[in-house]
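Report on one structure; see the data block that follows.
The values are calculated or read from the model by the stated rules, or taken from the named source; none is laboratory data. All values reported here derive from a predicted model rather than from experimental measurement. FYI the Cβ positions are ideal-geometry reconstructions off the backbone, even for glycines, and counts take in every protein chain you see. When the accessible area is computed, the model is the full protein with side chains, heavy atoms only, and any ligands, DNA or RNA have been set aside. Shrake-Rupley method; radii C 1.70, N 1.55, O 1.52, S 1.80 Å.
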Amino acid sequence: MTSAGFSADWSAWGPTDLAARRRAQQREIDDVPADPGTVVEEAESGWVGAVVGVEAAGGVQVVSLEDRRGRARAFPLGHGFLVDGEPVRLVAPTPRTSAPAAPRRTASGSVAVDGAAARVARASRIWVEGTHDAELVEKVWGEDLRLEGVVVEPLHGADDLVGALREFAPGPGRRVGVLLDHLVSGSKETRIAAEAMALSGARDNVLVLGHPYVDVWQAVKPQLLGLDRWPDIPRDVDIKIGTLRALGWPHASQRDVAHGWKRILGTVGSYTDLEPALLGRVEELIDFVTAEPQG
């Protein structure tokens, strides 16, 4: 029986529809990860605390909330929580993701290309004065050079650079980058470099650069050996023998020289251990011999 002007369909309020309404309301509630430190209120008990952990217990995940007195209680994750007074569904914490690893770098400071095979050697070359120069370049730039397919060859002295270039016959796609010691005004090396660059075919195909040190040993930072500076060696004394003698190291034979250099080279781990005057020149030569031919 109904009152005049009013009718009700009681079937619209059955349990099925009430459950659906609750589900619809729950779907509108935001999910909040139970990240450590998140302050949460458990609505039924009124317990307020910061999340200190989530773990499995009795086949369900429970969250531990620690109040301001250091007391903790555990509650099942899900609905029934408030954050800032608003109802939320507390869910598993956000997975911790580590910061992306910094890219590996080669000894020269370049970004490494892991897994790449060495390139077939180019026709272009980098020439250095001696074996020690070549070993130092290999230690710092070797990984980069193999990736680029660049071969470094020792001249065993700069005196016959002009003859070596004539024999090599540089040209487009067949360049030569030359690194000389002691390339300073008035030096023998400066004269040799000028003759080399004047050769027919050298333009755009040959680049001669150098550092100011009498020997490549001095391009290694002396602080690596506990020195403030490399010792000054008279011009009439072999630079290597004189350096070893000044350092108090064995110096009587070529074997001693080789061992002394290995000791110096062993202190070098990366480009940061070398003087800028060498670094820039080697990088420039690599760029020169790896440039693609124009046209």
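Less than 14 Å Cβ to Cβ from Val150, Lys/Arg counted +1 and Asp/Glu -1: what total charge do the surrounding residues give?
-3
Pick the calculated Kirkwood radius over Cα pairs in Å for this structure from [x] 20.0; [y] 21.1; [z] 26.0?
Among [x] 20.0; [y] 21.1; [z] 26.0, the one derived from this structure is [z].
For helix 188-197, what angle does its Cα long axis make with the longest principal axis of the chain, in degrees from 0 to 90 and rounded to 10?
Tilt relative to the chain: about 80 degrees.
In terms of modelled amide H atoms, which long-range or inter-chain residues lie less than 5 Å from the amide H of Gly210?
Leu180
In Å, what is the Rg of the alpha-carbon atoms in segment 61-187, and how long is Dmax?
31.4, 88
Under a 5 Å amide H to amide H cut-off, with H placed in plane at 1.01 Å, what residues pair with Arg89 once short-range neighbours are removed?
It is Asp30, Asp31, Val32, by chain and number.
Could you tell me the relative contact order of the chain? Use alpha-carbon pairs under 8 Å, at least six residues apart, and round to a whole percent.
Across the chain, relative contact order equals 13 percent.
Name the trypsin sites (Lys or Arg not before Pro) in segment 26-92 that are in a loop by DSSP and that have at most 12 other C-beta atoms within 10 Å, would you?
Sites meeting the loop and neighbour criteria: Arg68, Arg69, Arg71.
Provide the per-residue ³J(HN,Hα) series for segment 179-184, in order, calculated from phi with Karplus coefficients 6.51, -1.76, 1.60 and θ = phi - 60°, each as a whole number of Hz, with x at glycine and proline positions.
10, 10, 6, 6, 8, 10
Determine, for each peptide in 118-131, 259-272, 50-63, the mean count of other beta carbons within 10 angstrom over its residues, then list the peptides with the highest first.
118-131, 259-272, 50-63
Calculated from DSSP H runs of 4 or more alone, at -39500 (n - 2.57) each and per residue, what is the 222 nm mean residue ellipticity of the chain, nearest 500?
Dividing the helical sum by the residues of the chain leaves -9000 deg cm²/dmol.
Which percent of the accessible heavy-atom area of segment 113-156 goes to carbon and sulfur, probe 1.4 angstrom?
Here it works out to 53 percent.
Count charges around Ser110 for me, please; just the other residues with Cβ under 9 Å from its Cβ, Lys/Arg as +1, Asp/Glu as -1.
-1
Would you mind getting the accessible area per residue of segment 158-242, heavy atoms of the protein chains only, 1.4 Å probe, in Å²?
That works out to 52 Å² per residue.
Which whole-Hz couplings ³J(HN,Hα) result when phi for each residue of segment 125-141 is put into the Karplus expression 6.51 cos²θ - 1.76 cosθ + 1.60, θ = phi - 60°, listed in order with x for Gly and Pro?
3J(HN,Hα) across segment 125-141, in whole Hz: 9, 10, 10, 10, 5, x, 5, 5, 4, 5, 5, 5, 4, 5, 5, 8, 10.
Taking amide H positions as placed 1.01 Å from N in the peptide plane, with prolines and chain starts having none, which residues 5 or more places from Val151, or on another chain, fall under 5 Å of its amide H?
Arg122, Ile126
With +1 on each Lys and Arg Cβ and -1 on each Asp and Glu Cβ, and nothing else charged, work out how big the dipole of segment 90-248 is about its Cα centre, in Debye to the nearest 20.
I would put it at about 600 debye.
Cut-off under 18 Å on the C-alpha distance; same-chain residues fewer than 8 positions from Lys240 excluded. Which lysines are left, in chain and number order?
Lys221, Lys262
For segment 145-160, in order, what is each residue's ³J(HN,Hα) by Karplus, 6.51 cos²θ - 1.76 cosθ + 1.60 with θ = phi - 60°, in whole Hz (x at glycine and Pro)?
Values per residue, Gly and Pro as x: 5, 5, 5, 8, x, 9, 9, 9, 10, x, 7, 6, x, 8, 4, 10 Hz.
Using only the alpha-carbon atoms, how far is helix 15-27 inclined from the longest principal axis of the chain? Give it as 0 to 90 degrees, nearest 10.
30
Angle, helix 276-290 long axis vs. longest principal axis of the chain, Cα atoms, 0 to 90°, nearest 10?
90
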